[in-house]
Every structure is written in structure tokens, then in C-alpha cells.
Amino acid sequence: MASSWWRWRRCCSWRPAARSPGPGSPGRAGLSGLRAATAAAAAAAARAQMSYFNLVKSLTSAFPNMYSISRFHHMTPAVCCCSKTRSGEKYTDPFNLGWRDLKGLYEDIRKELFISTTELKEMCEYYFDGKGKAFRPIIVVLMARACNIHHNNSRNVQASQRAIALIAEMIHTASLVHDDVIDDASSRRGKHTVNKIWGEKKAVLAGDLILSAASIALARIGNTAVVSILTQVIEDLVRGEFLQLGSKENENERFAHYLEKTFKKTASLIANSCKAVSVLGCPDPVVHEIAYQYGKNVGLAFQLIDDVLDFTSCSDRMGKPTSADLKLGLATGPVLFACQQFPEMNAMIMRRFSSPGDVDRARQYVLQSDGVQQTTYLAQRYCREAVREISKLRPSPERDALIQLSEIVLTRDK
């Protein structure tokens, strides 16, 4: 792909990016080379245009129902205008609204993890200390209420729908325990990881036990469709981790690979949990698809912003080391966009930033490029799509809270 990159601007015009000087690179050429530079730029622009359409073709053919970048081409500015509610009722903070149905969340999870062995009990309960964001359970119960109201104006959350919120948090937490083993991580949420305290072997077993408890809770719901929906999440988590362990040499395939990995590791859980509560509360498949699409798009945006924060936030704020992805050899959105301006990053990506100085140089390239901004713009596009989907439901405070959550995803700093 040409080094110029046809990219999003705030007014959504596309134009080739001017390459910024890299670390240690010389300055601009003199005026004597202006004509040659102009001719070269025109040729580069033509090549970039063809490369852009090749990228779109690659993404849309690989994921026809999941990732369509072509629709972004003529969209209005990426501004999330979600601060006003649309139902006409008094606005309530999404987290306060969601917590009405989540009182005793962590106590109930600990009951599901009823374990007689003291050490194993302590390991499994370690992250269920009430200090997490509980982002997934909040979305799940808000979606449950929004779908129930849309279907028959019921303002109650069914016990089975609330159980999905617990199960989603348990699956998510088990995946964190396993991820920390794979990544040899030493800190999460501002404290030592399970694997650093108890060792890798016991951490793997603790993650497995949390997953088994979640599976038992899921089976108790007694709905085979819901069981099928949420077991897909566990498969996606495994496949996503395998995708993360690999990389693609072709640049077009690399970006599609990154988006697929992001969906499977992060967005699938949110999308399918939203779909599960919609199935339990409403028989309409159209509503099920709305719930799924909202969760998918918010989940993708959530992870894109997480990848941005790895470059822009501090370790104390995040509760885990920053630049962690580069140190793990991972090329996330900001890196892939930066690579369009600094093609020399390709070699670093293929060797997974393993040579001395690679991590620091790659970080400098990202910060000198517009990789962070472009990844943020892409997250905004996904949030706009989430808002478009959820707005199809009947107005309610919960629907409006889900709209507001899409803005919170974009503006969070940890």
C-alpha cells in the first residue's frame, strides 16, 4: 500500500496524508524540488486512492456483515451528539440507572463461585471486589429494560435477564485471568494479577473455574437459544486470542485481522449478551438484531479507545502499564494507521517490536502521526452506528442511557 493514506477528517473529506518527519529523519526538501515533489505527490495520491479502495474491498469482502468502512466515506462530522435524552424524560446517569438492577452484583457472583477450598476461593473472588467498571453488566440490564419497554411497556427486569449480566461479568473476568497468564502481566486494576500472586498454573485453573460457574448459571436459565448465543462468546474469546498471537504480512489483511480480533476478544461478549437479554424479553428477531448491533458497535468502539489510551494515558490512571501492547508485540489501530505515514514500521510490526529500541521508536512514530486521531474517528463512527441502531427502539430512559453510554465510551480516560 502506498505510504499516503486516504483518511477521515472532521468534515469527512478524504485526502492523502502528508508524511511527517520521523524520529531522526531529515527536514523538508528545498524549493528546487517543488515541481518534482508535486508530480510525485500526484502519483502517490493516485496510488493511495487505489490502495484505499483495495482496503475497503478487503474489509467488506472479509466481513460483509461486520465491518463496512465504505459507509463512512460521505458521513457527516464525527461528533457524538448524545448529551440530550430523546424520550422527553428527566435524564439519569446511565450507571446510576443501571445499578438499580445490579445491587448485590458481586455478592451474587461470589455465591455462584461457592468454593470450599480457601485458596481457590480467594483466587476466584480476587477481581470481584467491586472496583471494576461493571461496564458490561450495566449495558446488559439497560438493554433488558429498553427491550422490555419496547415490547410490552414492561419496566421490570426478569431474573433470567439479570442473570445474563452476572454471567457476562464472570466470562469477562475469566478471560482477564487467562489473558494475564498469556501476557505475563503483573498488574491490573491497580493491583497485582492473579498469576503474579498465585502463579500461572493456579491462575489458569481459577479462570477455568469461573468459566464453569458461569456455564452452570447459564444452564439454569433453561433457554437453549440463549445458551447457544453465549457459548458463541467463549468460542470467540479463544479464536480472538489465537488471532492476536498471529499477524498478517499484507497491510490490507492486517487491518481486517485486527478488527476481527477486536470483535472476537471484546465486542462479541457485549453484542451477544445484549442479544441474549433481548431474546429473553422480546420475541421479535428485529429487536434481537438491534440489540446485537448496538452491542457490537459499542464493543468495537470501546476496544479502539482502549488501544488509544495505551498511548495517551498514564499507568496510574489506567491501573496497568501503558505501551503494553507494543511490549507484547501487538499492532493495534494507532500503530496500523501510523504505519501508513511511516512505512518503516512494517518491519517492526512483522518482528513484533522485538528488536532493541523498537517499542520506543514505534511509540514515537505513533505520536508523531495521526494514528491516535484516526483510531478515535473510527471509534466515533462505530458509536454513531450504535446510536442509530438503538434509536429504533421505543423511547425510554434506558434507551437514552444506552445512547449516552456511547458518548461515555468515547470520552473515558481509563
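The values are calculated or read from the model by the stated rules, or taken from the named source; none is laboratory data. Quick caveat: nothing in here was measured; it's all calculated off a predicted structure. Heads up, the Cβs are rebuilt from the backbone with ideal geometry, glycines too, and the neighbour counts pull from every protein chain shown. Side chains are part of the model used for accessible areas, which takes the heavy atoms of the whole protein and leaves out ligands, DNA and RNA. Shrake-Rupley method; radii C 1.70, N 1.55, O 1.52, S 1.80 Å.
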Check your understanding: How many residues does region 328-347 contain that are under 20 Å from residue 259 (Cβ atoms), open to solvent by 20 Å² or more (accessible area, probe 1.4 Å) and assigned to a helix (DSSP H, G or I)?
Key -> 1
Check your understanding: Would you say residue 407 is open to solvent by 10 Å² or more (accessible area, probe 1.4 Å) and closer than 20 Å to residue 263 by Cβ?
Key -> no
Review point. Does residue 259 satisfy being open to solvent by less than 10 Å² (accessible area, probe 1.4 Å) and within 19 Å of residue 302 (Cα to Cα)?
Key: yes
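Conditions (1) among the hydroxyl-bearing types (Ser, Thr, Tyr); (2) under 28 Å from residue 135 (Cα atoms); (3) without any contact (Cβ under 8 Å) to a residue 60 or more places away in the chain; (4) part of a loop (DSSP other than H, G, I, E, B), marked per residue:
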{"position": "295", "(1), (2), (3), (4)": "no, yes, no, no"}
{"position": "308", "(1), (2), (3), (4)": "no, yes, no, no"}
{"position": "326", "(1), (2), (3), (4)": "no, yes, yes, no"}
{"position": "349", "(1), (2), (3), (4)": "no, no, no, no"}
{"position": "361", "(1), (2), (3), (4)": "no, no, no, no"}
{"position": "364", "(1), (2), (3), (4)": "no, no, no, no"}
{"position": "373", "(1), (2), (3), (4)": "no, yes, yes, no"}
{"position": "380", "(1), (2), (3), (4)": "no, yes, no, no"}
Review point. Do we have residue 174 as crowded, with 23+ Cβ neighbours inside 10 Å, over 30 Å from residue 327 (Cβ atoms) and among the hydrophobic types (A, V, I, L, M, F, W, C) here?
Key: no
Point to revise | Scan of region 114-157 for residues that are outside any helix (DSSP H, G or I), open to solvent by 10 Å² or more (accessible area, probe 1.4 Å) and of a type outside the set (S, T, N, Q), ordered by number | key: 114, 115, 125, 126, 129, 130, 131, 132, 133, 155, 157
Review point. For region 242-256, which residues satisfy the criterion of being out of contact with any Cys (no Cβ under 8 Å at 6 or more places or on another chain), in a helix (DSSP H, G or I) and open to solvent by 20 Å² or more (accessible area, probe 1.4 Å)?
Key: 242, 243, 244, 245, 252, 253
Revision key, fill the gap. Residue count, region 172-195, condition assigned to a loop (DSSP other than H, G, I, E, B) and modelled with pLDDT of 95 or more, comes to 1
